[in-house]
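Trainee: What follows is a structure written as structure tokens; I'll ask about it next.
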Amino acid sequence: MSGEKIDGRFDAMDDIDDEDSDSRVDVIDFVLRTVEKRDIRFIRLWFTDVLGNLKSFAISSEDLEQAFVEGVGVDGSSVEGFVPAEESDMLAFPDATTFQLLPWRPSSSGVARIFCDVRTPDREPFSGDPRYILKKVFRRAQAQGYVPNVGPRVEYFHFAADEDGRPQVPPALMDHAGYFDLTATDSSTDLRRETTLMLERMSIPVERTFHSNAPSQSAVELRYAEAVSSADNIMTMRHVISMLAYQAGMAASFMPKPFSAYSGSGMFLYQSLFDTSGNNLFWGEKTDAYELGRYHLSELAARYTAGLLKYAPEFTLLTNPTVNSYKRLVPNGEVPVYTTWGRTNRSALVRVPVHKPGKHRSMRIELRTPDPSANPYLAIAASIAAGLKGIEEGLELQPETVGNAFELSPHELDARGIRHLPRTLGEAIDVFERSELMRETLGEHTFDYLVEQSRNEWEAYCSAVTDWEFKRCYGTS
């Protein structure tokens with residue numbers, strides 16, 4: 001058993017399979033003993049709706065053992081994207097491997113959190129649970145001998161808050177610092193430090209934090225973890241960032257593009273496949289046999305990358321799910337617009353970071369389209385499914401794009417097999433709706449819900465009159 005208690009904390013056991021009943025019993029027993037020993041009074045059970053909103057309710061520590069066995073009733077009709085009122089009964093089963101103390105709560109009569117798997121009344125996995133969707137993709141990869149790992153870097157803004165703790169409208173900048181700036185005016189320095197300390201107390205290692213490109217914009221990069229744990233970590237990080245901002249009298253915003261004049265926020269996903277022995281399958285001996293071989297990236301990684309490029313237009317609705325997402329995906333040299341890959345090219349859809357000699361485990365690719373408004377479970381599930389499809393289909397990777405693809409003519413783009421990503425939410429919905437891979441990955445329930453929900457948002461946006469239109473059209477003859 002790989003989990004262990006360190007200073008009263010619990011390291012999630014990523015190698016415990018749900019079907020390994022003996023290991024599961026051991027983990028549950030460990031959690032129950034820890035709850036008693038640490039005088040934990042309340043357990044907060046976490047899960048997400050289909051749109052990626054964190055949901056939570058608390059139970060008494062005395063009821064935790066029963067919750068592990070029988071689950072806890074949830075009204076699924078009140079959760080976005082779950083079930084209608086006539087099918088409302090659902091069960092939330094705590095995943096003991098995600099047990100962690102909440103370090104911002106009092107140490108006496110403390111509080112812990114556990115992520116849950118949502119099931120139907122007959123205890124079958126609920127097909128609309130985003131965490132279950134990612135687990136399905138993860139297990140599909142495992143069946144092929146792969147262990148998907150993901151390391152996220154999330155950007156966000158700090159704004160002045162109104163009396164309700166929400167960002168002021170229009171948003172008010174808290175500083176005018178830029179990328180990697182160290183200045184006395186960076187109001188978020190202490191918040192980034194507190195975020196790091198809080199996450200590490202929850203056994204979520206932080207690689208680095210820094211001030212990002214735009215004023216009032218920060219970034220937090222987490223160490224890689226297996227895919228489901230990585231999505232759990234993103235949800236935890238977003239909650240911690242928002243909570244600390246509120247306590248400081250500010251508001252955190254994960255809106256992809258708050259300002260026309262400044263860079264938007266991304267949720268960059270570093271991805272790799274390991275084998276069951278812990279070897280990074282994306283690393284390869286240096287070779288000139290194929291395009292990426294010169295950079296120590298394996299042929300398996302090349303086919304995975306080719307899958308991302310081929311299916312990116314189909315999963316863009318999941319990585320960029322809001323109207324505002326497409327205000328960020330514009331040709332400015334900083335974000336992807338086309339299905340390209342490159343090494344130093346940050347306008348590429350997939351970037352291959354420079355290999356560090358001797359650091360085989362760090363070999364990875366970076367998917368640069370996602371933004372922090374996405375549901376991380378669905379975004380990660382869709383991108384891994386696309387990469388695996390590239391391997392299954394034996395796809396050949398197109399040549400590297402050097403420079404900005406938007407400087408190429410339509411004829412040059414076609415000749416290189418480069419396609420434009422969806423330009424609007426409406427385009428993304430149309431491409432997504434035709435995707436058999438996304439339907440298979442998400443299941444009918446979630447797939448149909450997202451199409452309907454996204455079309456409603458797009459139609460509402462298209463019928464809304466904006467300030468831009470008033471300035472442009474008001475008073476014209």
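The values are calculated or read from the model by the stated rules, or taken from the named source; none is laboratory data. Since this is a predicted model, take the numbers as computed values, not measurements. Note that we place each Cβ from the backbone using ideal geometry, even for glycine, and neighbour counts take in every protein chain shown.
Trainee: For region 386-477, please list each of the helices (runs of 4 or more DSSP H) lying entirely inside it that holds at least 3 residues being of a type in the set (A, V, I, L, M, F, W, C).
Mentor: Details: elements: 410-415, 425-433, 436-442, 444-462, 467-473.
Per the criteria, 425-433, 436-442, 444-462, 467-473.
So that you can scan it fast, the table gives a plain yes or no per residue for (1) aliphatic (A, V, I, L, M); (2) more than 21 Å from Phe99 (Cβ to Cβ):
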{"residue": "Ala177", "(1), (2)": "yes, yes"}
{"residue": "Leu197", "(1), (2)": "yes, no"}
{"residue": "Ile204", "(1), (2)": "yes, no"}
{"residue": "Arg208", "(1), (2)": "no, yes"}
{"residue": "Asn213", "(1), (2)": "no, yes"}
{"residue": "Arg238", "(1), (2)": "no, no"}
{"residue": "Ile241", "(1), (2)": "yes, yes"}
{"residue": "Tyr246", "(1), (2)": "no, yes"}
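Trainee: Let me ask you something else. Quick check, is Thr446 over 14 Å from Glu314 (Cα atoms) and buried (at least 17 other Cβ atoms within 10 Å of the Cβ)? Before the answer, list the steps.
Mentor: Values: over 14 Å from Glu314 (Cα atoms): yes; buried (at least 17 other Cβ atoms within 10 Å of the Cβ): yes.
The answer is yes for Thr446.
Trainee: Please enumerate the residues belonging to region 160-199 that are basic (Lys, Arg) and within 19 Å of Asn213 (Cα to Cα). Reasoning before the result, please.
Mentor: Just the residues of region 160-199 that are basic (Lys, Arg), to begin with: 166, 192-193.
Correct list: Arg192, Arg193.
Trainee: Return yes when Ala385 is in the same structural domain as Thr340 (by TED's automatic domain parsing) and modelled with pLDDT of 95 or more and no when it is not.
Mentor: Numbers: in the same structural domain as Thr340 (by TED's automatic domain parsing): yes; modelled with pLDDT of 95 or more: yes.
Yes: the conditions hold for Ala385.
Trainee: Now, a different point. Can you pull out the residues in region 333-344 that are touching a residue at least 40 places away in the same chain (Cβ under 8 Å) and of a type outside the set (A, V, I, L, M, F, W, C)?
Mentor: Step one: of region 333-344, the residues touching a residue at least 40 places away in the same chain (Cβ under 8 Å) are 333-343.
Answer for region 333-344, where residues must be touching a residue at least 40 places away in the same chain (Cβ under 8 Å) and of a type outside the set (A, V, I, L, M, F, W, C): Gly333, Glu334, Pro336, Tyr338, Thr339, Thr340, Gly342, Arg343.
Trainee: Can you find a residue that is touching a strand residue (DSSP E or B) at 6+ places or on another chain (Cβ under 6 Å), outside any loop (DSSP other than H, G, I, E, B), over 12 Å from Thr369 (Cβ atoms) and modelled with pLDDT of 95 or more anywhere in region 303-311?
Mentor: At the first step, the residues of region 303-311 found to be touching a strand residue (DSSP E or B) at 6+ places or on another chain (Cβ under 6 Å) are 305, 308.
Next, from what is left, pick out any that are outside any loop (DSSP other than H, G, I, E, B): 305, 308.
Narrowing the set further to residues that are over 12 Å from Thr369 (Cβ atoms) leaves 305.
The next check asks that each one be modelled with pLDDT of 95 or more; those that pass are 305.
Yes, some residue in region 303-311 is touching a strand residue (DSSP E or B) at 6+ places or on another chain (Cβ under 6 Å), outside any loop (DSSP other than H, G, I, E, B), over 12 Å from Thr369 (Cβ atoms) and modelled with pLDDT of 95 or more.
Trainee: If you don't mind, another one. Do we have Val228 as at pLDDT 95 or above, surrounded by fewer than 20 Cβ atoms within 10 Å (Cβ to Cβ) and either in contact with a Lys or Arg (Cβ under 8 Å, 6 or more places away or on another chain) or in the same structural domain as Arg166 (by TED's automatic domain parsing) (or both) here?
Mentor: On the way: at pLDDT 95 or above: yes; surrounded by fewer than 20 Cβ atoms within 10 Å (Cβ to Cβ): no; either in contact with a Lys or Arg (Cβ under 8 Å, 6 or more places away or on another chain) or in the same structural domain as Arg166 (by TED's automatic domain parsing) (or both): yes.
So Val228 fails the test.
Trainee: Right, something else. Testing His158 on (1) at pLDDT 95 or above; (2) crowded, with 19+ Cβ neighbours inside 10 Å; (3) assigned by TED's automatic domain parsing to the domain that holds Ile204, one condition comes back false. Which one is that?
Mentor: Of the numbered conditions (1) at pLDDT 95 or above; (2) crowded, with 19+ Cβ neighbours inside 10 Å; (3) assigned by TED's automatic domain parsing to the domain that holds Ile204, the odd one out for His158 is (1).
Trainee: Cβ-Cβ under 8 Å, sequence separation 6+ or interchain: first residue in region 107-123 and in contact (Cβ under 8 Å) with a residue 24 or more places away in the chain, partner of a type in the set (Gly, Ala, Ser) and not in a strand (DSSP E or B). Which pairs?
Mentor: Partner pairs satisfying both residue conditions: Ile114/Ala96; Val118/Gly76; Val118/Gly128; Arg119/Gly71; Arg123/Gly71.
Trainee: Scan Ala379, Ala374 and give me the residue that is at pLDDT 95 or above, closer than 27 Å to Leu450 by Cβ and not in a loop (DSSP other than H, G, I, E, B).
Mentor: On the way: Ala374 fails: not in a loop (DSSP other than H, G, I, E, B).
On inspection, the qualifying residue turns out to be Ala379.
Trainee: Hey, can you tell me all the residues within region 34-74 that are touching a residue at least 60 places away in the same chain (Cβ under 8 Å) and more than 22 Å from the chain's Cα centre (by Cα)?
Mentor: The answer is Thr34, Val35, Arg38, Asp39, Ile40, Arg41, Phe42, Ile43.
Trainee: For region 169-204, what are the residues that are outside any helix (DSSP H, G or I), surrounded by 13 or more Cβ atoms within 10 Å (Cβ to Cβ) and free of Cβ contacts under 8 Å to residues at least 24 places away in the same chain? Lay out the reasoning, then the answer.
Mentor: So in region 169-204, the residues outside any helix (DSSP H, G or I) come out as 169-188, 202-204.
Subsequent filtering for residues that are surrounded by 13 or more Cβ atoms within 10 Å (Cβ to Cβ) retains 171-175, 177-178, 181, 186-188, 202-204.
Result: Ala172, single match.
Trainee: Let me ask another. Would it be correct to say that Arg439 is modelled with pLDDT of 90 or more, out of contact with any His (no Cβ under 8 Å at 6 or more places or on another chain) and farther than 19 Å from Gly151 by Cβ? Spell out how you get there, then give the answer.
Mentor: Details: modelled with pLDDT of 90 or more: yes; out of contact with any His (no Cβ under 8 Å at 6 or more places or on another chain): yes; farther than 19 Å from Gly151 by Cβ: yes.
Considered against the rule, which asks whether it is modelled with pLDDT of 90 or more, out of contact with any His (no Cβ under 8 Å at 6 or more places or on another chain) and farther than 19 Å from Gly151 by Cβ, Arg439 comes out as yes.
Trainee: Is it true that some residue in region 142-150 is within 17 Å of Ala231 (Cβ to Cβ), in the same structural domain as Asn320 (by TED's automatic domain parsing) and surrounded by fewer than 20 Cβ atoms within 10 Å (Cβ to Cβ)?
Mentor: Looking for residues that are within 17 Å of Ala231 (Cβ to Cβ), in the same structural domain as Asn320 (by TED's automatic domain parsing) and surrounded by fewer than 20 Cβ atoms within 10 Å (Cβ to Cβ), one finds at least one in region 142-150, hence yes.
Trainee: Residues that are in contact with a helix residue (DSSP H, G or I) (Cβ under 7 Å, 6 or more places away or on another chain) and modelled with pLDDT of 90 or more: find the strands (runs of 3 or more DSSP E) completely inside region 24-103 holding 1 or more of those. Break it down stepwise before answering.
Mentor: On the way: elements: 40-48, 54-60, 72-75, 89-94.
Where strands (runs of 3 or more DSSP E) fall fully within region 24-103 and carry at least 1 residues being in contact with a helix residue (DSSP H, G or I) (Cβ under 7 Å, 6 or more places away or on another chain) and modelled with pLDDT of 90 or more, they are 40-48, 54-60, 89-94.
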